[in-house]
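The values are calculated or read from the model by the stated rules, or taken from the named source; none is laboratory data. The structure presented is a predicted model; accordingly, all values stated were derived computationally and were not measured. When we count neighbours, we look across all protein chains shown, and the Cβ atoms used for this are built from the backbone with ideal geometry, even at glycine. Surface accessibility is based on the protein's heavy atoms, side chains included, excluding ligands, DNA and RNA. Shrake-Rupley method; radii C 1.70, N 1.55, O 1.52, S 1.80 Å.
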Amino acid sequence: MAGRFTVRRVAVPDLPVIEEPSPLAPDNEGGNLLLEKAPEPPLAQAGASPLLSHKLLDAKVRLHRKLIEEINLSALEKLPEDEIHQHVQQLVSQYVLAERLALNSQELADFVSEILDEMTGLGPLEPLLKDPSISDILINGHECVYVERGGILEPLTVRFKDEQHLLRIINKIVSAVGRRVDESHPLCDARLQDGSRVNVAVRPIGVDGPLVSIRKFSKKKLDLSRLVEVGALRPPMAEVLAAAVKARITTIISGGTGSGKTTMLNALSAFISEKERLLTIEDAAELQLQQPHVGRMETRPPNIEGKGEIRQRDLVKNALRMRPDRIILGECRGEEAFDMLQAMNTGHEGSMATIHANTPRDAITRLEQMIGMAGLPMTVASIRGQIANAIQLIVQLQRQSDGKRKVTSIAEVTGLEGDIIQMQEIFKYVRTGTAADGAVQGHFIATGVRPRFLGQLATQGIKIPGSFFDPSQPL
């Protein structure tokens, strides 16, 4: 074909075998957390072509390889997207005729899309990444792919050709952010260009082949009003949380994996003043803070010689030298907890962090354990004193058995009595049963406790109606 492509011979990885289609649910304001289950009628396909014969599958794999060998990818990347599509479609049509393959127009269009994804994207993952109804992509070896929609896991028929093909896609992901994964370093955290978080485990850690978990980045920012709409919390609870953030009440967001901690942190950050300087610290950058003055920092793993590692604790210490008003720690899980509490106690009120725990009390216990990991000569009483002085509010999230996320508790840390950290619950979610279709039944209530920080809010001109805390009033 005349034009801008030059022929060259390159080593070509194996390409995906794509089996029968897997229907996807339509767009349901997709995101990574706290969303309702997608509607039932299946509409779009998940990167799968109609069921093809074994002969046709073999021919497709050969054509994939031949096209990638003959197309100059460096020239391809310089062309406009529509022109790339046109050239590839012409080449595919020629090869289909030469192979005498019986493809209808839809199958031909699918074939062109698959080739473009393989050459310029992440192969079989591309359709899944583009589908807004999918929040998580979970790969257990090259033949097993699951996705999560609305909190529910479901298998797909999307497949990789073999393990080497999956490894090639993995290496494309991790190398883009300056990381590597192999037998000597079989574990890796990375992110995609859109901010989606990726975790990889390869052999020998992955016994049956590479394990890949992708938490997709929500392109539609979810604010507190949207979380109220989907039933994650009630309006009075949202108003109290928003007021607490405005008044620089130091907050910990607690919950299990996939419970909605990052989404809640992003939503609460909208109420931070635009006049403040924020610094974020994460293992893999995924926060979507909505202020103009945000400095983002990310940890770094050791290099091939085992040197050059930069831990979260190093970044927290460095952040204190960068004149932050607030520090946002994406996930607190180790010795950096001590430095974070020190920051909260020394003029950085209103800082926030997330932590893995099942209840507010468990979150406090985990913080105690993590401070102990710092190896400092501190007594239990002094550790608890640090926590009680630094943290004022704990927001507990939970993913229910039906896949929906709820704010199950909002608790205030009131101080230290003896050597026991005192807490009082302000709002909670009460589960009352399970419907025949598996939907969780329950309701939100106020406990009747008026938080002590209301006085702090009042000094800043923020007033919260007393009726919000009346247990006899519906939320």
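Scan the range 349-383 for residues that are assigned to a helix (DSSP H, G or I) and free of Cβ contacts under 8 Å to residues at least 24 places away in the same chain and jot them down.
If the condition is that a residue be assigned to a helix (DSSP H, G or I) and free of Cβ contacts under 8 Å to residues at least 24 places away in the same chain, then Thr365, Arg366, Glu368, Gln369, Gly372, Ser382, Ile383 are the ones that fit.
Here Gly141 meets the list (1) more than 22 Å from Lys404 (Cα to Cα); (2) in contact with a strand residue (DSSP E or B) (Cβ under 8 Å, 6 or more places away or on another chain); (3) surrounded by 20 or more Cβ atoms within 10 Å (Cβ to Cβ) almost entirely, failing just condition (3). All of Glu305, Glu368, Glu298 fail the test of being out of contact with any His (no Cβ under 6 Å at 6 or more places or on another chain), at pLDDT below 90, surrounded by 15 or more Cβ atoms within 10 Å (Cβ to Cβ) and acidic (Asp, Glu), apart from Glu298. Look at (1) touching a strand residue (DSSP E or B) at 6+ places or on another chain (Cβ under 9 Å); (2) surrounded by fewer than 17 Cβ atoms within 10 Å (Cβ to Cβ); (3) of a type outside the set (Val, Ile, Thr) and you find that Arg197 fails only one, number (2). Restricted to the range 104-194, the set of helices (runs of 4 or more DSSP H) holding at least 1 residues that are in contact with a Pro (Cβ under 9 Å, 6 or more places away or on another chain) comprises 105-120, 163-175. Being farther than 19 Å from Ala244 by Cβ, at pLDDT 90 or above and open to solvent by 10 Å² or more (accessible area, probe 1.4 Å) is a condition met by at least one residue of the range 340-356.
The residue of the range 241-290 that is most open to solvent (accessible area, probe 1.4 Å), among those that are over 16 Å from the mean Cα position of the chain (by Cα) and basic (Lys, Arg), is Lys275.
Within the range 94-113, the residues that satisfy the criterion of being closer than 30 Å to Ile170 by Cα and open to solvent by 20 Å² or more (accessible area, probe 1.4 Å) are Tyr95, Gln106, Glu107, Leu108, Ala109, Asp110, Ser113. The set of residues from the range 461-475 being of a type in the set (D, E, K, R) and surrounded by 13 or more Cβ atoms within 10 Å (Cβ to Cβ) comprises just one member, Asp470.
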